[in-house]
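Engineer: Structure in structure tokens, see below.
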Amino acid sequence: MSAEKPPLVGVIMGSNSDLDIMQAAPDALELFDVPYEVRIISAHRTPDEMRDYAQTARKRGIRLIIAGAGGSAHLQGMTAVFADVPVLAVPIKRDNHDHEALWSNIKMPKGAPLATFPENGAYNAGLFAVEMLAMNDETLFDKYHEFRDKQRQDVIALDAQVQQDWRGHIPS
Ligand code: RP5
């Protein structure tokens, strides 16, 4: 974790049981040296802390919040309501869950925007946070561009390999 620089992204989640899924957001941020903080904050069990976190985030330098929770998942929406920075929601989905967290997150009422990612989509939420921060940071933009280019080159190399492996193959 980037401890020296003040965090630009807050990664919050309703329980430490969400960590295995939410860990992918810091993983993505670390690829680009984006400083972040991780907090366990529950809409239902620590509602005052949730409101305080959301209301003070911008003043502390946080530019984006990535929020994950499962079940009725009020953390994402209520953080978005209180915060002065954009919130990216990660609905947590376990095998024994239905899609309640996703529905809770995407059904925000008009006037209360919440950018909702796919279930368990913490990695892409982290990348999206990088993309948004890169809009005002040329160095970060260059790093992100390199990352995208490497992904492209990796797929092109795989394609070349597959073409070689399958050359002359006659479908039966
Ligand atoms: C939600 O309930 C949490 O975000 C978590 O996804 C789920 C279960 O939490 P624990 O009972 O494991 O603390 O609020």
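What follows is calculated from the coordinates using simple rules that are stated; it is not laboratory data. Since this is a predicted model, take the numbers as computed values, not measurements. Glycine gets a Cβ as well: all are built from the backbone with ideal geometry, and neighbour counts include every protein chain shown.
Engineer: Once you charge only the Cβ atoms, +1 for Lys and Arg and -1 for Asp and Glu, what is the size of the charge dipole of the chain about its Cα centre, to the nearest 20 debye? Don't skip to the end; give the middle numbers.
Structural biologist: On the way: 17 positive and 24 negative charges, 105 e Å.
For this selection, approximately 500 debye.
Engineer: Farthest toward the dipole's positive end in the chain, which of MET78, SER42, LEU29, given Cβ charges of +1 (Lys, Arg) and -1 (Asp, Glu) about the Cα centre?
Structural biologist: The residue sitting farthest along the positive end of the dipole is MET78.
Engineer: Next question, about the same structure. For the stretch 55-130, give the magnitude of the charge dipole about the Cα centre (Cβ charges: +1 Lys/Arg, -1 Asp/Glu; no others), in debye to the nearest 20.
Structural biologist: Numbers: 8 positive and 5 negative charges, 80 e Å.
Computed about the Cα centre, the dipole is about 380 debye.
Engineer: If you don't mind, another one. Quick one: P(r) of the stretch 51-121 from all Cα-Cα pairs, 10 Å bins, percents rounded to integers, in order of increasing distance.
Structural biologist: 24, 51, 22, 3
Engineer: Could you pull out the trypsin sites (Lys or Arg not before Pro) across the stretch 19-95 that fall in loop regions by DSSP (anything but H, G, I, E, B) with no more than 16 other Cβ atoms inside 10 Å? Write down the numbers at each step before the final one.
Structural biologist: Values: sites: ARG39, ARG45, ARG51, ARG58, LYS59, ARG60, ARG63, LYS93, ARG94; in loops: ARG45, ARG58, LYS59, ARG60, ARG63, LYS93, ARG94.
Filter output for the stretch 19-95: ARG45, ARG58, LYS59, ARG60, ARG94.
Engineer: Next question, about the same structure. Give me, ordered by chain and number, the residues 5 or more places off GLY68 or on other chains with an amide H under 5 Å from its own placed amide H.
Structural biologist: Long-range HN contacts for GLY68: ILE12, MET13, GLY14, VAL90.
Engineer: Using the structure shown, list the pairs from LYS107/LYS143; LYS110/LYS143; LYS5/LYS150 with a Cα-Cα distance above 29 Å, or answer none. Don't skip to the answer; put the middle values down first.
Structural biologist: Details: LYS107/LYS143 34 Å; LYS110/LYS143 35 Å; LYS5/LYS150 27 Å.
Violating the 29 Å limit, Cα to Cα: LYS107/LYS143; LYS110/LYS143.
Engineer: When averaged across all projection directions, what area in nm² does the alpha-carbon convex hull of the chain cover? Don't jump to the answer; show the numbers that get you there.
Structural biologist: Details: hull surface 54.2 nm².
Approximately 13.5 nm², given one-decimal rounding.
Engineer: Measuring from centroid to centroid over Cα atoms, what is the spacing of the stretch 16-71 and the stretch 134-172 in Å?
Structural biologist: Comparing the Cα centres of the stretch 16-71 and the stretch 134-172, I get a distance of 31 Å.
Engineer: Right, here's the next one. If you place +1 on the Cβ of every Lys and Arg, -1 on the Cβ of every Asp and Glu, and leave all else neutral, what size is the dipole of the stretch 1-73 about its Cα centre, to the nearest 20 Debye?
Structural biologist: Details: 8 positive and 10 negative charges, 80 e Å.
So the dipole magnitude of the stretch 1-73 works out to roughly 380 debye.
Engineer: A follow-up question, please. What are the residues whose amide H is under 5 Å from the amide H of ALA115, where those residues sit 5 or more places off or on another chain and H is modelled from the backbone?
Structural biologist: Amide H to amide H, under 5 Å and 5 or more residues apart or across chains, ALA115 pairs with VAL87, ALA89.
Engineer: By the scheme Lys and Arg +1, Asp and Glu -1, what is the net charge of all other residues having a beta-carbon under 14 Å from that of LEU75?
Structural biologist: On the way: positive: ARG39, ARG45, ARG51; negative: ASP18, ASP48, GLU49, ASP52, GLU100.
Around LEU75, the surrounding residues sum to -2.
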